[in-house]
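Enquirer: This is the structure, below, for whatever I ask next.
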Amino acid sequence: MDETRDLPERIPKEAREMAGFISLVIDESTTRFGVSVIDTGIRCFRKKCFGTINSEFLFETDEIYWSCTKCQNAGTISGWQGSRWDNS
Ligand SMILES: [Zn+2]
């Protein structure tokens, strides 16, 4: 990953916010690598949702699974190893 370049301007705002969210989840999760379910403290990005994001490592697929504590918002992140937010 190129650390000197920002995300291109042509990426829509939502996608950039999503990229920011994903990087936060990786950052918080890998700081607490080894914890089974991580309370990242990151606010859910859904409008009017006041939940926070929990995450866990899926070791079989090397993905990070994240989910909101209050709504159905959830997803997985792959390719996080070796990214600039990887603290593990
Ligand atoms: Zn939510």
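None of the figures in this text is laboratory data; all of them are computed from the coordinates on show. This one's a predicted model, so the numbers in the text were calculated from it and none came from an experiment. Heads up, the Cβs are rebuilt from the backbone with ideal geometry, glycines too, and the neighbour counts pull from every protein chain shown.
Enquirer: Just subtract the alpha-carbon distance of Arg16 and Asn73 from 0.36 nm times their residue separation and send over the number in nm, one decimal. Each step should come with its number before you reach the end.
Expert: On the way: separation 57, 0.36 × 57 = 20.52 nm, distance 1.76 nm.
Full extension from Arg16 to Asn73 adds 18.8 nm.
Enquirer: Using only DSSP helix segments of four residues or longer, with each worth -39500 (n - 2.57), what per-residue ellipticity at 222 nm results for the chain after dividing by its residue count and rounding to 500? If you can, show how the numbers build up before the last one.
Expert: Numbers: 1 runs with 19 residues, N = 88.
The helix-only estimate for the chain comes to -7500 deg cm²/dmol at 222 nm.
Enquirer: Going by how many other beta carbons lie within 10 Å of each one, how would you line up Thr40, Thr61, Thr52, fewest first? Mind showing how you got there, number by number?
Expert: On the way: Thr40 18, Thr61 10, Thr52 14.
Arranged by neighbour count, lowest to highest, Thr40, Thr61, Thr52 become Thr61, Thr52, Thr40.
Enquirer: So what is the relative contact order of the chain, in percent, for Cα pairs below 8 Å that sit 6 or more residues apart?
Expert: Details: 119 pairs, mean separation 22.4, N = 88.
Value for the chain: 25 percent.
Enquirer: By its C-alpha gyration tensor, with a ≥ b ≥ c as the square roots of the eigenvalues, how is the chain shaped: rounded for a/c under 1.5, else prolate for a/b larger than b/c, else oblate?
Expert: On the way: a/c = 1.99, a/b = 1.09, b/c = 1.83.
In terms of gyration-tensor shape, oblate.
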